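Q: What follows is a single structure, and I will ask about it in a moment.
The values are calculated or read from the model by the stated rules, or taken from the named source; none is laboratory data. These figures come from a predicted structure and were not determined experimentally. Heads up, the Cβs are rebuilt from the backbone with ideal geometry, glycines too, and the neighbour counts pull from every protein chain shown. Accessible surface is based on the protein model in full, side chains and every heavy atom, while ligands, DNA and RNA are left aside. Shrake-Rupley method; radii C 1.70, N 1.55, O 1.52, S 1.80 Å.
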Amino acid sequence: MLLLYTETNQDEMLALLEGCGLTPPEAWRASQFLPIAFAHVVFRRTGVRFQPGYDLLDPDTGEKGSFLLADEPLYVAAVTSAERRLATGCTAQQLFPVFGRSAEYGVIQKIAGPGGQLDGVVLTEPLLMSFGDNEADQP
């Protein structure tokens, strides 16, 4: 889905994901975890180091928790999808519509600068936002 609709904003993407049968909390989670997973796969062999976890912030209460990405089924499935796509001849550029939505990608670009030096880049845990006050989006 994310590969097909490259020009959509976040609201449009959420509506498309919901149109595929995801609930609003599921669509919200997918819009956060899929870009992260694809970025992790694409940049895996570049020297960029990612953390194994993520932080989840409830914007309504300010509560924050830390979780492992490996425990998130959407992340795990997206890693598998990205790996499969690369293994079958897809290029990193073709996956850009997905990983390009990741905040981590934006940080990598800023750190790497015009020279594109990625070796030694270490990122912190991504900070994700929960879906309002709905408990269904919690791990």
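Q: Please report the carbon-and-sulfur percent of the accessible area for the stretch 17-56; probe 1.4 Å, protein heavy atoms only, DNA, RNA and ligands left out. Walk me through the intermediate numbers first.
A: Values: 870 of 1630 Å².
C and S atoms contribute 53 percent here.
Q: Determine the relative contact order of the chain: mean sequence separation of Cα pairs under 8 Å and six or more apart, normalised by residue count, in whole percent.
A: 36 percent
Q: On the accessible surface of the stretch 75-122, probed at 1.4 Å, how many percent belong to carbon and sulfur atoms?
A: On the way: 1590 of 2810 Å².
Roughly 57 percent of what the probe reaches on the stretch 75-122 is carbon or sulfur.
Q: Using a 1.4 angstrom probe and counting only protein chains, how large is the accessible area of Val121 in Å², to 10?
A: It works out to around 10 Å².
Q: Per residue, how many Å² of accessible area does the stretch 79-124 show with a 1.4 Å probe?
A: Result: 60 Å² per residue.
Q: For the stretch 1-79, compute Rh as the Kirkwood radius over C-alpha pairs and then the Stokes-Einstein diffusion coefficient at 4 °C and 1.567 mPa s; write the answer in µm²/s, rounded to an integer.
A: Working: Rh = 13.9 Å.
The calculation lands on 93 µm²/s.
Q: Among the GluC sites (Glu not before Pro) in the stretch 13-98, which ones are in a DSSP loop with at most 10 other Cβ atoms within 10 Å of the Cβ? Mind listing them?
A: For GluC sites (Glu not before Pro) across the stretch 13-98 that sit outside H, G, I, E and B with at most 10 neighbouring Cβ atoms in 10 Å, the list reads Glu63.
Q: At Ala15 and Gln109, where each label point lies 7 Å from the Cα along Cα→Cβ, what is the point-to-point distance in nanometres?
A: Going from the Ala15 label point to the Gln109 one covers 2.5 nm.
Q: Given the Cα-Cα distance of Thr61 and Thr23 and 0.36 nm per residue of separation, how much length would full extension add, in nm? The partial results should precede the final answer.
A: Numbers: separation 38, 0.36 × 38 = 13.68 nm, distance 2.25 nm.
Difference between extended and current length: 11.4 nm.
Q: Report, in deg cm²/dmol and to the nearest 500, the calculated mean residue ellipticity at 222 nm for the chain, where each DSSP H run with n ≥ 4 adds -39500 (n - 2.57) and the sum is divided by the residue count.
A: -14000 deg cm²/dmol
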